[in-house]
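K.L.:
If you scroll down you'll find the structure; I have some questions about it.
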Amino acid sequence: MPTRVKFTTFTLPAIWTAADSQATALDTVALIKRRIYRGLDSRGRPFLSYSTKPIYVPKKGARLKPKGGRRARGGKSVYYAGGYAEYKRLSRRRVAGGSNQTAEVDLTLSGALVNNIQPLQATRTGYIIGLTGAVRGYGYEVNARRPFIGLSPDDVRMLTAAVAARIRKKLRR
């Protein structure tokens, strides 16, 4: 389900517009993506580990071409004894000691899920953040298991400061 953010902890001045809410919604999306890449859920806790139950990943139609693993008998898929965790570890590009790497569990394989987190609606008094496009169906299922759409306590603090700064800037004009 999408996340609805409504400004209720403080009264918005008359100069606040839907465009200001839209800008804040985009700030929220950036915060959510940053938190996901750090491996934290919407409560600020680390995501659950990926499954280690053995899986077969089809070569055709896979979001990320399977690397490593063992070819299945028919040759149309690849077997990973270590499950999705092994598939993800072998299929992504990682550098030992890389400083710009994301967390082990970052909900990113092809990038489609994270790239489709968008503001769905913005009004003067709030906004809705959710998923768009083809990822909507499975994305909300992922969110049910590993909550990522929402605001952690740190996100709320940063957004409150951003809204206050935006209001101060508008009042100075």
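The rows are residues; the columns are (1) surrounded by fewer than 16 Cβ atoms within 10 Å (Cβ to Cβ); (2) touching a strand residue (DSSP E or B) at 6+ places or on another chain (Cβ under 8 Å).
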site: 120; (1), (2): yes, yes
site: 127; (1), (2): no, yes
site: 134; (1), (2): yes, no
site: 140; (1), (2): yes, yes
site: 145; (1), (2): yes, no
site: 151; (1), (2): no, yes
site: 157; (1), (2): yes, no
site: 162; (1), (2): yes, no
site: 165; (1), (2): yes, no
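K.L.:
So which residues in segment 50-59 are at pLDDT 85 or above, part of a loop (DSSP other than H, G, I, E, B) and surrounded by 12 or more Cβ atoms within 10 Å (Cβ to Cβ)?
P.N.:
We begin by selecting, within segment 50-59, every residue at pLDDT 85 or above; these are 50-58.
In the following step, the residues that additionally are part of a loop (DSSP other than H, G, I, E, B) were identified as 50-54.
Of everything in segment 50-59, those that are at pLDDT 85 or above, part of a loop (DSSP other than H, G, I, E, B) and surrounded by 12 or more Cβ atoms within 10 Å (Cβ to Cβ) turn out to be 50, 51, 52, 54.
K.L.:
Could I ask something else about it? Quick check on this structure: which one of 42, 21 is touching a residue at least 60 places away in the same chain (Cβ under 8 Å), assigned to a helix (DSSP H, G or I) and touching a Gly at 6+ places or on another chain (Cβ under 7 Å)? Walk me through how you get there before you give the answer.
P.N.:
Numbers: 42 fails: assigned to a helix (DSSP H, G or I).
Going through 42, 21 in turn, just one is touching a residue at least 60 places away in the same chain (Cβ under 8 Å), assigned to a helix (DSSP H, G or I) and touching a Gly at 6+ places or on another chain (Cβ under 7 Å): 21.
K.L.:
In the set 78, 95, which member is assigned to a loop (DSSP other than H, G, I, E, B) and either on the phi < 0 side of the Ramachandran plot or at pLDDT 80 or above (or both)?
P.N.:
Details: 78 fails: assigned to a loop (DSSP other than H, G, I, E, B).
Exactly one of 78, 95 is assigned to a loop (DSSP other than H, G, I, E, B) and either on the phi < 0 side of the Ramachandran plot or at pLDDT 80 or above (or both), namely 95.
K.L.:
Taking segment 125-143, which residues are more than 15 Å from residue 29 (Cβ to Cβ) and either of a type in the set (Asp, Glu) or not in a helix (DSSP H, G or I) (or both)? Show your work before the answer.
P.N.:
Our first condition is that a residue be more than 15 Å from residue 29 (Cβ to Cβ); within segment 125-143, this holds for 125, 134, 136-138, 140-142.
Selection gives 125, 141.
The values are calculated or read from the model by the stated rules, or taken from the named source; none is laboratory data. On a predicted model such as this, the values are computed, not experimentally measured, just so you know. Cβ coordinates were reconstructed from backbone atoms using ideal geometry, including for glycine residues, and neighbour counts include every protein chain displayed.
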